[in-house]
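Down below is the structure, laid out as structure tokens.
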Amino acid sequence: MPLLQVGLVRDRRLSPQGLGALLGATGAAWVGDLVLIAPEGGESGEASRRRLRKGAAAFAVQQLIYAGMLVQAGARPRPRSTAVVAGTLLGLAALDTAKESRPDPVVTAYGVLLGTTGALALGMPRSAGDLAIGRIPWGGASFVASDAMILLGEQVLTGRAAQAGHGFVLVTYALAQRWLVDGLAATARLKPVE
């Protein structure tokens with residue numbers, strides 16, 4: 001996140017509003033990243049869930065900003081992609097509820113925001129010749145995949161599968177952030193380079 005922020009600050013073409021929004025989103029994500037780092041030596045399931053809730057709260061701020069910027073850029077949910085995102089999140093919610101015996105309100109609220117951002121990103125209109133904007137849908141899909149694996153890792157995976165899942169989360173999360181930040185920065189460039 002700090003590297004993305006440095007790139008944003010150095011991009012003199014960004015509007016002040018776009019820069020502020022993206023710095024706010026990446027700052028919230030950085031807080032979420034730090035919260036989600038598991039302590040060495042492991043932790044109890046209850047402590048892990050508390051950490052997940054705190055991380056989800058920080059990432060919710062990021063998702064709100066991304067969703068707002070996507071709407072401003074003309075993104076609108078499409079029925080097919082919205083159905084895929086909603087189906088994925090409903091399946092995860094059922095898995096989480098079955099294991100926890102009741103819905104987790106913080107994780108559920110975050111899931112709704114994630115789904116909104118994902119559906120909006122997948123509905124981003126094509127921009128001729130702008131590769132960064134063209135990657136926004138990939139960023140939205142990668143974010144949903146990454147966060148889905150976090151929940152699967154917490155609820156289902158163990159041993160080597162959990163380690164592989166963690167690697168998947170890191171790769172898809174990094175790609176999602178890069179593609180979304182670059183694409184949204186491209187939509188917020190309002191003036192030529194001086």
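Structure summary
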{"read-out": "Restricting segment 134-162 to residues that are free of Cβ contacts under 8 Å to residues at least 60 places away in the same chain and either β-branched (Val, Ile, Thr) or in contact with a Lys or Arg (Cβ under 6 Å, 6 or more places away or on another chain) (or both), the residue that is farthest from ARG76 (Cα to Cα)", "value": "THR158"}
{"read-out": "Conditions (1) of a type outside the set (S, T, N, Q); (2) closer than 25 Å to LEU4 by Cβ; (3) crowded, with 19+ Cβ neighbours inside 10 Å; (4) touching a Gly at 6+ places or on another chain (Cβ under 8 Å): number failed by LEU114", "value": "(4)"}
{"read-out": "Segment 25-50 residues that are farther than 17 Å from VAL169 by Cβ, paired with ones that are open to solvent by less than 30 Å² (accessible area, probe 1.4 Å) (beta carbon under 7 Å, 6 or more apart)", "value": "ALA25/GLN62; ALA25/TYR66; THR26/LEU4; THR26/VAL181; ALA28/ALA58; ALA28/PHE59; ALA28/GLN62; VAL31/ALA58"}
{"read-out": "The one condition in (1) assigned to a helix (DSSP H, G or I); (2) within 17 Å of the chain's Cα centre (by Cα); (3) crowded, with 17+ Cβ neighbours inside 10 Å that PRO77 fails to fulfil", "value": "(1)"}
{"read-out": "Subset of segment 123-159 (residues that are in a loop (DSSP other than H, G, I, E, B) and of a type in the set (Ser, Thr, Tyr))", "value": "SER127, THR158"}
{"read-out": "Options LEU170, LEU184, LEU175; residue that is aliphatic (A, V, I, L, M), outside any loop (DSSP other than H, G, I, E, B) and surrounded by 21 or more Cβ atoms within 10 Å (Cβ to Cβ)", "value": "LEU184"}
{"read-out": "Long-range neighbours under 9 Å by Cβ, at least six apart or interchain, first residue in contact (Cβ under 8 Å) with a residue 40 or more places away in the chain within segment 163-184, second among the basic types (Lys, Arg)", "value": "ARG178/ARG135; TRP179/ARG135; LEU180/ARG135; ASP182/ARG135; GLY183/ARG135"}
{"read-out": "Of residues in segment 11-48 being hydrophobic (A, V, I, L, M, F, W, C) and either touching a Lys or Arg at 6+ places or on another chain (Cβ under 7 Å) or assigned to a loop (DSSP other than H, G, I, E, B) (or both), the one least open to solvent (accessible area, probe 1.4 Å)", "value": "LEU14"}
{"read-out": "Some residue of segment 49-60 being open to solvent by 50 Å² or more (accessible area, probe 1.4 Å) and over 26 Å from PRO103 (Cβ atoms)", "value": "no"}
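The values are calculated or read from the model by the stated rules, or taken from the named source; none is laboratory data. Keep in mind it's a predicted model, so treat the numbers as computed, not measured. Glycine also receives a Cβ, built like all others from the backbone with ideal geometry; neighbour counts cover every protein chain displayed. In case anyone asks, the SASA skips ligands and DNA or RNA and just uses the protein heavy atoms, side chains included. Shrake-Rupley method; radii C 1.70, N 1.55, O 1.52, S 1.80 Å.
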